[in-house]
1. Only one of these is under 30 Å from Ala394 (Cβ atoms), surrounded by fewer than 16 Cβ atoms within 10 Å (Cβ to Cβ) and either near ligand 1 (Cβ under 9 Å from one of its atoms) or at pLDDT 95 or above (or both): Thr59, Thr49, Thr29, Thr65. Name it.
2. Restricting to strands (runs of 3 or more DSSP E) lying wholly in the stretch 1-60: which have 3 or more residues that are in contact with a Lys or Arg (Cβ under 8 Å, 6 or more places away or on another chain)?
3. Out of all the residues in the stretch 314-342, which are farther than 25 Å from Phe484 by Cβ, buried (at least 16 other Cβ atoms within 10 Å of the Cβ) and under 26 Å from the mean Cα position of the chain (by Cα)?
4. Test of understanding: among Thr155, Thr190, Thr184, which residue is more than 23 Å from Thr49 (Cβ to Cβ) and touching a helix residue (DSSP H, G or I) at 6+ places or on another chain (Cβ under 8 Å)?
5. Among the numbered criteria (1) of a type in the set (Gly, Ala, Ser); (2) in a loop (DSSP other than H, G, I, E, B); (3) under 17 Å from Ser15 (Cβ atoms); (4) in contact with a helix residue (DSSP H, G or I) (Cβ under 8 Å, 6 or more places away or on another chain), which one does Gly98 miss?
6. Tell me, yes or no, whether the stretch 8-16 has at least one residue that is of a type in the set (Phe, Trp, Tyr) and near ligand 1 (Cβ under 10 Å from one of its atoms).
7. What's the number of the only condition in (1) under 30 Å from Ile391 (Cβ atoms); (2) without any contact (Cβ under 8 Å) to a residue 12 or more places away in the chain that Arg62 fails to meet?
8. If I ask for residues that are of a type in the set (A, V, I, L, M) and closer than 15 Å to Val243 by Cβ, which ones from the stretch 429-466 would you list?
Amino acid sequence: MSANPAPGIALDNWSVRFGATTALDQVSTEFPGGTVTALLGENGSGKSTLIKVLSGLYTPSRGATLTVTGAAHALPTTGERIASAGIRFLHQDLGLVGSMTVAENIALGNRYGTAVLGRIRPSTVVRRAREAMSIIGVDLDPDASIDSLHPSQRTLCALARAYGQPLADGEAVHALILDEPSATLDPVDTHVLHRVVRRAAASGTAVVVVTHRLDEVVSLADRIVVLRHGRLVEDAPLGNRSVSDLAAVVLGAAAAARRPNPTPLSHSEVRLRLTGVVTDSLAGLDLDVRAGEVVGVAGLLGDGTEDLSAVLAGRTIRSGSILVEDKPAKSLVHAGVVTVPADRRRAGVVPALSVAENIALASHRKLGLLRRIDPRVDDREARTWIAALDIRPADPSAPVASLSGGNQQKVSLAKALASSPRVLVLNEPTQGVDVGARRDISDAIDAATGDGLAVVLITSDHEELLELSDRILVLHRGVVGASFARGELTGASLLEALSDPTLSKEGTR
Ligand SMILES: Nc1ncnc2c1ncn2[C@@H]1O[C@H](COP(=O)(O)OP(=O)(O)OP(=O)(O)O)[C@@H](O)[C@H]1O
Ligand SMILES: [Mg+2]
C-alpha cells in the first residue's frame, strides 16, 4: 500500500441471493476517485443491492472482496467501518427519521452524532447542520421536522448529511454513493445535486450515482456501469453516447417500440370539475377533466400544484366547489377520485403486505363488505396486474418491501387502477422507474383512458408531461395561467410557459 493511495473503491466477485432471486451475480468493477460513475440498470437489476452490500446492510457470498482507497476491507463490512473509511451514502429510501428535525437527522449517522446525540448540546447540532447545508449550498430550517418538508427538501437534507461534513481528518469524503438522488428532486434542487456531484468529483471523491434519468447521465457521468438481472453487462467510459444509446444498453434486447397513444375521446362527459377553488396557494382554480383524457398539470413550486394534489387527495378547501360526475362530492375517495401519491413509501403501498394483499385492499374497498374474501381471487387479480405492468418478481406473495423501488411504484399504480376509479390522480407516476417500466406505466395509463378513465397528471418531469398529456395546464400563482393541446408544446416552450405563462397562450379551464 503506498503512502497516499488514490481514493476509490474496487469490488470483486460480488454475488447476493435472496431465495430464488439472484440480485447480484459475480459482479466486479471499480469506482475510481475523481470520477462520476453512473450505475445503471432496469428496475430490479441489482443496483440498490450493490449499494447495500457496500454500506454493510447485506452480506455477499464467499469469495467477494472490497478494496477501499488501496486497502483491503473485510466483508461483510459494517456501517461504522465503512463510514470511517470515508464513504458516505444517500440511500434510495433516504433513511431519515420523519419525526426528528433536519439538524438531528444530519447529526444521525455521523460519529459526533450516533452515540452521543443525547449528550451534545442542541446548539452544536444546529450549528453543524447549518455548516453541512452551506457546504452543499442549501438553506433548510434546521429545526423543521422532516415530516413537514417537501420530498425534494428531504433529499437535500440526506445529501447534506452524506456530503456536507468533512471527515475527521479534514479530508474530503473518499466516496459518495447516491441511490437515485434525483428521482425526488424538482428541477431547481436537481441543480444543487449536480453542483455537489461535480464539485465532489473535482476534489477527488469517487462518486457513484444511480439514476433512471438518462439525460442526467449524459450531462453528468464520466463512466457507466450497467447491471442486467444482477450481472455486469457494461463497464466503460460514457464516451459520446446519447440518451437512446443508453436506453439500448440499459434495456438490452428487450427494447421495443412504443405503441402510439390512442386519440382521446372528444366531447366526452366532464368527470371532475373544480370551480373557484381557493386554498393557501390556489386562488380560485377552475379545472375540468373529461372521461378518457389525461390532463397534465405543471407549475413551479408555490404556484399551486402541491395544493391541487392535496385537494384532490381530500384536503378541505376554503371556498369553491368540486363536482364529480356533476355531483358535489362529500368525500372524493368515495366518489371514485383515487390518488397515487408521489411518496409511495408513505402512502402508496403497505410494505409489509404482499403484492396480492396490497392490490386486494383496493378491490375490497371497491366491493365493500359483500365481497367474499377468497385468496385465490386475490391471487388471480394480482397476477393480471403483475402481467399488465410487468411487476418483477412475478410473485403475488412477495412482500412489497422486498421489491425494488421501481417495482413498488408499479404496485402502487396497480392498486389504484384495481379500485376502478372514476378519476385517477397521478403524482410523479414514473419517478424512479426505468425506461422500460416507464413504457409499461404509460401503456397502462393509455389503456385505462381508452376505457374512459379521467386522469389528472401532476408531475415535475417535463418529458413525462409532454408524452402522456392530452392537455397541459400551467399553473401560475394559483390559477391556470396557460393551457396547451397535445403537440402544441416542446420541452423548451414548456420551460418558457412555466417561468412566464403570460407570454404564452391564455387558457381558462
Ligand atoms: N430484502 C430483499 N428480499 C428479497 N428480495 C430482494 C430484497 N432486496 C432486493 N431484492 C430483490 O433483488 C433484486 C434486485 O433489487 P434491487 O433493489 O437491487 O434493484 P434496483 O436495481 O435497485 O431496482 P430499482 O431501479 O427499481 O430501484 C430484485 O429482484 C428485488 O426484488
Ligand atoms: Mg434501487
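The values are calculated or read from the model by the stated rules, or taken from the named source; none is laboratory data. Please read these numbers as outputs of a predicted model, since none were measured by experiment. Positions of Cβ are generated from backbone atoms using ideal geometry, with glycine treated the same way; all protein chains shown enter the neighbour counts.
1. Numbers: Thr49 fails: surrounded by fewer than 16 Cβ atoms within 10 Å (Cβ to Cβ); Thr29 fails: surrounded by fewer than 16 Cβ atoms within 10 Å (Cβ to Cβ); Thr65 fails: under 30 Å from Ala394 (Cβ atoms).
It is Thr59.
2. Working: elements: 8-18, 21-32, 36-41.
Of the strands (runs of 3 or more DSSP E) lying wholly inside the stretch 1-60, those with at least 3 residues that are in contact with a Lys or Arg (Cβ under 8 Å, 6 or more places away or on another chain) span 21-32, 36-41.
3. Residues satisfying the conditions are Leu332, Gly336, Val338, Pro341.
4. Numbers: Thr155 fails: more than 23 Å from Thr49 (Cβ to Cβ); Thr184 fails: more than 23 Å from Thr49 (Cβ to Cβ).
Only one candidate qualifies: Thr190.
5. (3)
6. Going residue by residue through the stretch 8-16, those that are of a type in the set (Phe, Trp, Tyr) are 14.
From the residues that got through so far, the ones that are near ligand 1 (Cβ under 10 Å from one of its atoms) too are none.
The answer is no, given that none of the residues of the stretch 8-16 is of a type in the set (Phe, Trp, Tyr) and near ligand 1 (Cβ under 10 Å from one of its atoms).
7. Arg62 satisfies all of (1) under 30 Å from Ile391 (Cβ atoms); (2) without any contact (Cβ under 8 Å) to a residue 12 or more places away in the chain except (1).
8. Filtering the stretch 429-466 down to residues of a type in the set (A, V, I, L, M) leaves 433, 435, 437, 441, 444-445, 447-448, 453-458, 465-466.
Within the stretch 429-466, Val435, Leu466 meet the criteria.
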